[in-house]
Amino acid sequence: MQKTLSIIKPDGVSKKLIGEVIRRFESNGLKIAALKMKKLSKTEAEGFYYVHRERPFFGELVEFMISGPVVLMVLEAPDAIKQNRELMGATDPAEAKEGTIRKQWAENKQNNIVHGSDSEESASFEIGYFFSGIEIF
Ligand code: CMP
């Protein structure tokens, strides 16, 4: 079994898409192994997106991620990282495939409803960033 971190971003929460997104995960074989709602601090968001710190969009991305609560989840499946990324669609909704979460609801590259770990290495860092072992079922 593989685990990955999913975040429903502030735009997904304010658009009342929590249920829709979780439904897609559960009906496509991704088990919810952990879940919590949280308003990130600036320091927490900066630390989470540390790898993007040199990108021109970093400051705006952090402000967006702290603009409202997010839903943090650990998803589990045999191929969870790839499966989650397929359900999300491309970062840019204009490039996302029909039927994906981002194609259907994302406004732009930044306000793109969900985040998903992109590799085993980042999944391990991202899950450990938000969850302790006893919070994962
Ligand atoms: P996410 O999957 O959370 O990983 C990094 C995030 O940075 C990405 O989703 C977007 O929200 C944001 N992002 C990536 N590229 C751009 C861009 N070109 N402009 C603005 N935001 C971006």
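Descriptive notes on the structure:
- Test set (1) within 12 Å of the ligand (Cβ to nearest atom); (2) surrounded by fewer than 19 Cβ atoms within 10 Å (Cβ to Cβ) - P10 fails condition number: (2)
- Taking the criterion of being surrounded by fewer than 16 Cβ atoms within 10 Å (Cβ to Cβ) and either within 9 Å of the ligand (Cβ to nearest atom) or not in a loop (DSSP other than H, G, I, E, B) (or both), the residues of segment 101-117 that qualify are Q104, N108, K109.
- When R85 is tested against (1) near the ligand (Cβ under 10 Å from one of its atoms); (2) without any contact (Cβ under 8 Å) to a residue 24 or more places away in the chain; (3) over 14 Å from K9 (Cα atoms), exactly one condition is not met: (2).
- Qualifying residue in segment 64-75 (condition: more than 25 Å from K15 (Cβ to Cβ) and at pLDDT 95 or above): no
- So E135, is it more than 15 Å from the ligand (Cβ to nearest atom) and in contact with a strand residue (DSSP E or B) (Cβ under 9 Å, 6 or more places away or on another chain): yes
- Taking first residues from segment 55-67 that are over 19 Å from M37 (Cβ atoms) and outside any loop (DSSP other than H, G, I, E, B) and partners that are near the ligand (Cβ under 8 Å from one of its atoms) and among the polar types (S, T, N, Q), the Cβ contacts under 7 Å between residues at least 6 apart in sequence or on separate chains come to E60/Q110; L61/Q110.
- Test result for P56, loosely packed, with under 13 Cβ neighbours inside 10 Å, more than 25 Å from I134 (Cα to Cα) and within 11 Å of the ligand (Cβ to nearest atom): yes
- Filtered by the rule that a residue be of a type in the set (A, V, I, L, M, F, W, C) and within 16 Å of the ligand (Cβ to nearest atom), segment 25-53 gives F25, L40, A45, F48, V51.
- The residues of segment 16-32 that are under 12 Å from N84 (Cβ atoms) and outside any helix (DSSP H, G or I), listed by number, are N28, G29, L30, K31, I32.
- Residue satisfying all of: in segment 18-46; touching a strand residue (DSSP E or B) at 6+ places or on another chain (Cβ under 8 Å) and closer than 21 Å to V62 by Cα; surrounded by the most Cβ atoms within 10 Å (Cβ to Cβ) among these: L40
- For segment 78-99, the set of residues classified as farther than 21 Å from E63 by Cβ, under 14 Å from the mean Cα position of the chain (by Cα) and not small (G, A, S) consists of I81, K82, Q83, N84, R85, E86, L87, M88, listed by residue number.
The values are calculated or read from the model by the stated rules, or taken from the named source; none is laboratory data. What you see is a predicted model; the values in this text were computed from it and never measured. Don't worry about glycine lacking a Cβ; one is built from the backbone with ideal geometry, like all the others, and counts go over all protein chains shown.
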